[in-house]
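Asks: Below: one structure in structure tokens.
The values are calculated or read from the model by the stated rules, or taken from the named source; none is laboratory data. Source: prediction; values computed, not measured. Cβ placement follows ideal geometry from the backbone for every residue including glycine, while neighbour counts extend to all protein chains displayed.
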Ligand SMILES: [Zn+2]
């Protein structure tokens, strides 16, 4: 944590000039040290800034700890701060000693700052009401906070309400660098033991926390804070949330899906749950009716085949695996056939006599071991599957006549 860095001293500096102190090639990129630090390096759960140094594209900024080459120990200054150098990853070499105009990708920085400030408010409120600590914090497509205690979604909805009230009150976000004597008397959140200069971030009284990240200047800049989910994680919970534009983008995406569903079901968004319930109820009713019709169908077909004692190869259209099994079972019990094969064509767009026609199959017998023929059947029909001695099932890709031929060849 370098107190003198520009991103701390003038938080909203978007552009600045800096001299290149060194430039070293690293694989297909270049690592550059500058004499001014306006780009925030990755740290404290917050990703690094992006931007440009002259014409060079800046893709990453990392803080590297300096060590004594002889002892390997970390170097510190007279205030106890660990000495670091900041390396900027760019796509082309920059001349040492030359000064370049640097531009921070402000949209990216503000996204990180909004999320980081929103995270502090939520963590501070959880700490205040439940006494739990933030023990992990990650920002990527979605932001996550890990707490060392359990919380329900309902409890988090109360936290969300209070957090958004802090946003709407639009109070200033202050950063403080207390001297050690003041720090001793101050009650603040911290994830680890601190040495050297300590930077405290005060989120309008909602939270006071030791932090190295970047923040907004007033809480109103955060925008909406929306908690998405809570899951058990290492004895505590992991909470997913969005702040500001991320919350708005998420709202838009979900609203678009709700609109599509509402058009598909011809109901308003407010009636979607009832609409989906109605479709599910109708679908269950249809399943029941189809089941009853199928049962009558098996019985009538078995009646016409009851004296058939050869190898029965029965072709059906669109029957699913459960129906095929029931059908096969019924024919095994109510016909004289020794071996019954029931085949359901999967896709009506491919002709049954086409070699690429796809089938689900069930083959059963009360007195022949059908499992012993499964491998041969799969070879003949370009299929896969298996099962028990009494019944095998699987899928095949071949013409209908190959199915008939294979059944005769293996089971006659
Ligand atoms: Zn922080």
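Asks: Would you be able to tell me the number of residues in the stretch 304-323 that are in contact with a helix residue (DSSP H, G or I) (Cβ under 8 Å, 6 or more places away or on another chain) and assigned to a helix (DSSP H, G or I)?
Replies: Residues in the stretch 304-323 being in contact with a helix residue (DSSP H, G or I) (Cβ under 8 Å, 6 or more places away or on another chain) and assigned to a helix (DSSP H, G or I): 2 in total.
Asks: Report whether or not residue 355 is surrounded by fewer than 16 Cβ atoms within 10 Å (Cβ to Cβ), modelled with pLDDT under 95 and assigned to a loop (DSSP other than H, G, I, E, B).
Replies: no
Asks: Note down all Cβ pairs under 6 Å where the first residue falls in the stretch 207-219 and is outside the structural domain of residue 173 (by TED's automatic domain parsing) and closer than 16 Å to residue 243 by Cα, the second is within 8 Å of the ligand (Cβ to nearest atom) and at pLDDT 90 or above, and they're at least six residues apart or on different chains.
Replies: If the second residue must be within 8 Å of the ligand (Cβ to nearest atom) and at pLDDT 90 or above, no pairs are left.
Asks: Since residue 205 meets every condition but one in (1) out of contact with any strand residue (DSSP E or B) (no Cβ under 6 Å at 6 or more places or on another chain); (2) closer than 16 Å to residue 115 by Cα; (3) more than 16 Å from the ligand (Cβ to nearest atom), which condition does it not meet?
Replies: (2)
Asks: Could you count how many residues in the stretch 175-202 are more than 12 Å from the ligand (Cβ to nearest atom), closer than 19 Å to residue 41 by Cα and not in a loop (DSSP other than H, G, I, E, B)?
Replies: 0
Asks: Among the residues in the stretch 395-402, are any in a helix (DSSP H, G or I), touching a helix residue (DSSP H, G or I) at 6+ places or on another chain (Cβ under 7 Å) and without any contact (Cβ under 8 Å) to a residue 60 or more places away in the chain?
Replies: Yes, the stretch 395-402 has at least one match.
Asks: Return the total of residues in the stretch 218-258 being part of a strand (DSSP E or B) and within 16 Å of the ligand (Cβ to nearest atom).
Replies: 4
Asks: Right, here's the next one. Which condition from (1) within 27 Å of residue 290 (Cα to Cα); (2) assigned to a helix (DSSP H, G or I) is the one that residue 371 breaks?
Replies: Condition (1) is where residue 371 drops out.
Asks: For the stretch 63-81, which positions are without any contact (Cβ under 8 Å) to a residue 12 or more places away in the chain and either surrounded by 12 or more Cβ atoms within 10 Å (Cβ to Cβ) or within 33 Å of the chain's Cα centre (by Cα) (or both)?
Replies: Across the stretch 63-81, the qualifying residues are 67, 74, 75.
Asks: Same structure, new question: Quick one: residue 215 ticks every box in (1) closer than 30 Å to residue 269 by Cα; (2) within 15 Å of the ligand (Cβ to nearest atom) bar one, so which box is it?
Replies: Answer for residue 215: the failing condition is (1).
Asks: List the residue pairs whose Cβ atoms are under 6 Å apart, where the first residue sits in the stretch 38-62 and is assigned by TED's automatic domain parsing to the domain that holds residue 189, the second is crowded, with 21+ Cβ neighbours inside 10 Å and in a loop (DSSP other than H, G, I, E, B), and the two are 6 or more positions apart or on different chains.
Replies: none
Asks: Are any residues in the stretch 9-27 over 16 Å from residue 108 (Cβ atoms) and in contact (Cβ under 8 Å) with a residue 60 or more places away in the chain, and if so, which ones?
Replies: 16, 17, 18, 19, 20, 21, 22, 23, 25, 26
Asks: Please verify whether residue 51 is modelled with pLDDT under 95, on the phi > 0 side of the Ramachandran plot and either more than 16 Å from the ligand (Cβ to nearest atom) or buried (at least 18 other Cβ atoms within 10 Å of the Cβ) (or both), treating the condition exactly as stated.
Replies: So residue 51 does not fit the description; no.
Asks: Filter the stretch 32-48 for residues that are more than 16 Å from the ligand (Cβ to nearest atom) and out of contact with any helix residue (DSSP H, G or I) (no Cβ under 7 Å at 6 or more places or on another chain); which is farthest from residue 10 (Cα to Cα)?
Replies: Looking at the filtered set, the residue picked out is 32.
Here's the yes/no breakdown for (1) within 20 Å of residue 209 (Cα to Cα); (2) more than 13 Å from the ligand (Cβ to nearest atom):
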{"position": "100", "(1), (2)": "no, yes"}
{"position": "104", "(1), (2)": "no, yes"}
{"position": "119", "(1), (2)": "yes, no"}
{"position": "125", "(1), (2)": "yes, yes"}
{"position": "146", "(1), (2)": "yes, yes"}
